[in-house]
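Structure first, then comments.
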Amino acid sequence: MALNFISIFRRHGRQYVKDLRKAVIPEGFRGRPVISMEITPAEEKVAEMLCPTGAITSGPFRLDLGKCEFCMECCFATAGKIRFTNDHRLAANLREGLLIRKGEDKTIRINPELVGKEIRSFFGHALRLRQVSAGGDNSAELELNACGNVNFDMGRYGIEFVASPRHADGLVITGPISGNMAEALQICYDAVPTPKIVILAGTAAISGGIFENSPDLIRSFIGTVKPDLYVPGNPPHPLTFINGVLDLTGRK
């Protein structure tokens with residue numbers, strides 16, 4: 001039995017990610033998209049029509065990561081002129097920072113000038129977060145749970161999820177915010193001590209995703225509370241979330 005375990009460990013290699021800031025996800029991961037300048041107007045129109053969430057729009061042609069489901073239908077329809085790289089650094093603190101324009105090929109970054117001073121002074125060394133699943137499908141929730149496992153271990157940076165909003169420094173919201181979770185979300189937010197941060201994790205939380213126009217959603221919370229961090233993905237990768245939080249709080 002012991003020999004079997006040793007054999008498995010050798011095949012798997014080192015599962016612990018030593019440096020989360022320098023980690024590279026293998027090719028095939030659906031990360032930051034790039035739109036080629038060679039894409040034709042006809043291909044742009046097809047891609048726009050195929051997009052199930054309206055993430056692709058024209059005039060000018062661009063792709064909104066806050067709405068993108070990463071289904072890759074646009075990639076298939078344009079013969080790779082829209083392609084998804086393995087760049088997992090997708091988090092932004094400005095909604096417009098999630099817009100991918102034609103011909104651009106640069107990593108998405110946090111704008112430090114828009115980060116509140118209290119965020120880095122209060123949460124630069126430790127951060128406790130309360131996660132709220134506001135009608136989520138459990139995919140984003142599973143990835144957030146993975147942030148604390150042996151592979152990623154975000155606790156090494158002093159970032160942890162807690163059970164009570166009264167013990168938290170902010171909220172991480174997943175899901176499109178269904179009607180039956182709208183009031184509960186507001187109550188949870190009000191229970192978090194000030195100063196506090198709000199993080200939207202996943203396409204559904206950022207824009208509503210495929211449920212954006214559903215009458216069963218009540219997203220007024222997003223209109224009254226300005227999110228401090230947008231973490232796109234369907235679901236977002238643990239490295240995307242962890243690096244986004246580290247960038248927001250100013251951790252090296």
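At 222 nm, what helix-only mean residue ellipticity would the chain give, in deg cm²/dmol to the nearest 500, using -39500 (n - 2.57) for each DSSP H run of four or more? Walk me through the intermediate numbers first.
Values: 9 runs with 76 residues, N = 252.
For the chain, the value works out to -8500 deg cm²/dmol.
In 10 Å bins starting at zero, report the fraction of Cα pairs in the chain per bin as a rounded %.
7, 30, 33, 20, 8, 1, 0
Taking amide H atoms as placed 1.01 Å from N in the peptide plane, list the residues 5 or more away in sequence, or in a different chain, whose amide H sits under 5 Å from that of V132.
V172, I173, T174
Which one, T107, A204, P33, projects farthest toward the positive side of the charge dipole computed for the chain from Cβ point charges (K/R +1, D/E -1)?
Checked the options; the winner is T107.
What is the distance in Å between the Cα centres of the stretch 46-66 and the stretch 75-144?
18 Å
Quick one: work out the % antiparallel among DSSP beta bridges in the chain, nearest 5. List each step's numbers first, then the result.
Working: 10 of 25 bridges.
Restricted to the chain, the bridges split so that about 40 percent are antiparallel.
Please tell me the relative contact order of the stretch 5-120 in percent, rounded to the nearest whole number, where contacts are Cα pairs under 8 Å and at least six residues apart.
Computed over the stretch 5-120, the figure is 31 percent.
What ranking do K252, K67, K102, K226 get, fewest neighbouring Cβ atoms within 10 angstrom at the top?
K252, K226, K102, K67
Considering only the stretch 112-249, what is the antiparallel percent among its DSSP beta bridges, to the nearest 5? Show your work: numbers first, answer last.
Working: 1 of 16 bridges.
Percentage antiparallel, nearest 5: 5.
Under 20 Å between C-alpha atoms is the cut-off here; go through the chain and count lysine pairs that meet it, provided they're at least eight residues apart or on different chains.
Counting lysine pairs in the chain gives 16.
Using a 10 Å cut-off around each Cβ, can you sort I187, I119, I218 from fewest to most neighbouring Cβ atoms?
I187, I218, I119
Whose amide H sits under 5 Å from the amide H of L229, counting only residues 5 or more places off or on another chain, with H placed in the peptide plane?
V198, L200
Tell me, what does the Kirkwood hydrodynamic radius of the stretch 1-88 come to in angstroms if you use every pair of distinct C-alpha atoms?
Mean inverse Cα-Cα distance, inverted, gives 15.4 Å.
How many nm separate the modelled label positions at D19 and T224, each set 7 Å beyond the Cα in the direction of the Cβ?
4.5 nm
In whole Hz and in residue order, list the ³J(HN,Hα) couplings for the stretch 62-77 that follow from phi through the Karplus curve 6.51 cos²θ - 1.76 cosθ + 1.60, θ = phi - 60°; x for Gly and Pro.
With the stated coefficients, the stretch 62-77 comes to 7, 10, 9, 5, x, 10, 5, 9, 6, 7, 6, 4, 5, 5, 5, 6 Hz.
Kindly provide the Kirkwood hydrodynamic radius of the stretch 112-249 in Å, to one decimal, from all pairs of distinct alpha carbon atoms.
Across the stretch 112-249, the inverse of the average 1/r is 14.9 Å.
Here, each number is a calculation from the coordinates, and none is a lab measurement. Note that this is a predicted model, so its numbers are computed, not measured. Cβ atoms come from the backbone with ideal geometry, glycine included; neighbour counts cover every protein chain shown.
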